[in-house]
Amino acid sequence: MFGGAGKTKDDGAHPWDWRISYEVDSAHYNAVVAFIQSEIVNPSPYNLFTENCTDWSNQIADLAGVTLRSEERRVGKECRS
């Protein structure tokens with residue numbers, strides 16, 4: 001009910017609702033691109049409470065070498081208990 005196969009797809013036609021942007025060097029950028037390409041082919045499992053889009057975004061930030069503030073890392077996590 002709350003989990004299953006994940007799905008990563010191109011949503012480029014959808015306009016931004018909001019975003020936070022960081023500059024990254026080419027090595028970190030390439031690591032993020034490789035991860036996303038891998039996720040498109042073989043997506044990670046999804047679970048609303050343990051492996052969701054917030055966790056995925058945290059993985060991207062880590063690969064990009066970006067340190068997120070604690071409140072950015074836990075957006076949506078308050079529902080876990």
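Write down the Kirkwood hydrodynamic radius of the chain, to one decimal in angstroms, obtained as one divided by the mean of 1/r over all alpha carbon pairs. List each step's numbers first, then the result.
On the way: mean 1/r = 0.0714 Å⁻¹.
So the Kirkwood estimate lands at 14.0 Å.
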Problem - Accessible area of the chain divided out per residue, in Å², using a probe of 1.4 angstrom - result: 79
Problem - Charge dipole magnitude, Cβ of K and R +1, D and E -1 - the chain, Cα centre, debye nearest 20 - result: 220
Problem - At R0 = 35 Å, FRET efficiency that the Cβ-Cβ distance of residue 31 and residue 2 yields, to 0.05 - result: 0.75
Problem - Within the accessible area of the chain (1.4 Å probe), percent carbon and sulfur - result: 56
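The values are calculated or read from the model by the stated rules, or taken from the named source; none is laboratory data. Computed from a predicted structure; not experimentally measured. Every residue, glycine as well, gets a Cβ built from its backbone with ideal geometry; the counts of neighbours run over all protein chains shown. Calculation scope for accessible area: heavy atoms of the full protein, side chains included, ligands and nucleic acids excluded. Shrake-Rupley method; radii C 1.70, N 1.55, O 1.52, S 1.80 Å.
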